[in-house]
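Below is one structure, written out as C-alpha cells; the observations come after it.
The values are calculated or read from the model by the stated rules, or taken from the named source; none is laboratory data. Owing to the predicted nature of the structure, the values given are computational and were not obtained by experimental measurement. Cβ placement follows ideal geometry from the backbone for every residue including glycine, while neighbour counts extend to all protein chains displayed. These accessible areas exclude ligands, DNA and RNA; they are computed on the full protein's heavy atoms, side chains included. Shrake-Rupley method; radii C 1.70, N 1.55, O 1.52, S 1.80 Å.
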Amino acid sequence: ALMMVPGQIFIIPRFKLMVNLGLTNTLVGLVLPGLFNIFGVFLMRQFFTGVPDELLDAGRIDGLSEFGVYTRIALPLVTPALSALGIFTFLGNWNSFLWPVIALDSKEKYTITLGLAQFSAENASQWELIMTGASVATIPIIIIFLIFQKKIIEGVQLTGVKG
C-alpha cells in the first residue's frame, strides 16, 4: 500500500527528522533517507521467501545460529537481488532533485542535478554547454551499468521466479 503513496508526501516528516537529528545541509542527511525505501523492502522480501526452507533447516541442524543461517545461507542466495537493489537505489538517488533542493543550503554541496539546474538557469541560451554538462553527468551511471550489467539482468530476471 505504501508503494501507491507518492514519495513527496514524506518530504516534510523526513525534513523535520533531519532537522531534529542535526543533519540538514550535510552529506549524511542527503544520503541517509535515500538508502531506505519501500521498494527495497518488497524486493528483498520476495527474494527471501524464495529461499528454500530445507536449506535454512539444514543450517540449523548443522548448529548455525539464526544469524549464521542468515549470513551463511540466505544472504549469499539473494546477492543478485542485493546488487539490483543497490544499483536501483543509486540511480534513483543520483537522479533525485526534490530532496537535495530541500536538504541542502550551500552550493558547495549541491548534487549534479542541482548543479545542472543552476547552470542551465544561468546559461539558458548556451545549449551546447548545458548538453555537455548533462552528458558528463551520465558518465557515472554508464560506468555503474557496465560494471554491474550482469548482476542487474540476473536480479531483474529472478525477481518474479519462485524457487
Checking the conditions here, which among 132, 138 is open to solvent by 30 Å² or more (accessible area, probe 1.4 Å), modelled with pLDDT of 90 or more and over 21 Å from the mean Cα position of the chain (by Cα)?
132
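Tell me, which residue of the range 1-33 that is of a type in the set (A, V, I, L, M, F, W, C) and not in a helix (DSSP H, G or I) is surrounded by the fewest Cβ atoms within 10 Å (Cβ to Cβ)?
So the first thing to find is which residues in the range 1-33 are of a type in the set (A, V, I, L, M, F, W, C), and the list is 1-5, 9-12, 15, 17-19, 21, 23, 27-28, 30-32.
This time we only want the ones that are not in a helix (DSSP H, G or I), so: 1, 5, 23.
On the way: 1: 5, 5: 10, 23: 17.
Here the residue is 1.
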Looking for whichever is of a type in the set (Phe, Trp, Tyr) and in contact with a helix residue (DSSP H, G or I) (Cβ under 6 Å, 6 or more places away or on another chain) here; the options are 15, 39, 10, 48. Which one fits?
15
Please name all residue pairs, on different chains or six or more residues apart, with Cβ atoms under 8 Å, provided the first residue is in the range 11-27 and is closer than 12 Å to residue 99 by Cβ and of a type outside the set (Ser, Thr, Tyr) and the second residue is modelled with pLDDT of 90 or more and open to solvent by 70 Å² or more (accessible area, probe 1.4 Å).
11/98
Going through 101, 51, 69 one at a time, which residue ends up being among the β-branched types (Val, Ile, Thr), open to solvent by less than 80 Å² (accessible area, probe 1.4 Å) and touching a residue at least 24 places away in the same chain (Cβ under 8 Å)?
51
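Take the residues in the range 34-48 that are part of a helix (DSSP H, G or I), open to solvent by 50 Å² or more (accessible area, probe 1.4 Å) and in contact (Cβ under 8 Å) with a residue 12 or more places away in the chain, then tell me which one is farthest from residue 151 (Cα to Cα).
If we filter the range 34-48 for residues that are part of a helix (DSSP H, G or I), which is where we start, we get 34-35, 38-48.
Retained after the next criterion (residues that are open to solvent by 50 Å² or more (accessible area, probe 1.4 Å)): 35, 38-39, 41-42, 45-46, 48.
Of the ones still in play, those that are also in contact (Cβ under 8 Å) with a residue 12 or more places away in the chain are 35, 38-39, 42, 46, 48.
Working: 35: 19, 38: 21, 39: 18, 42: 19, 46: 17, 48: 17 Å.
Per the criteria, the residue is 38.
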Please determine, by comparing only the residues of the range 104-129 that are within 26 Å of the chain's Cα centre (by Cα) and of a type in the set (A, V, I, L, M), which one is surrounded by the most Cβ atoms within 10 Å (Cβ to Cβ).
104
For the range 72-97, how many residues are polar (S, T, N, Q), outside any helix (DSSP H, G or I) and surrounded by 14 or more Cβ atoms within 10 Å (Cβ to Cβ)?
1
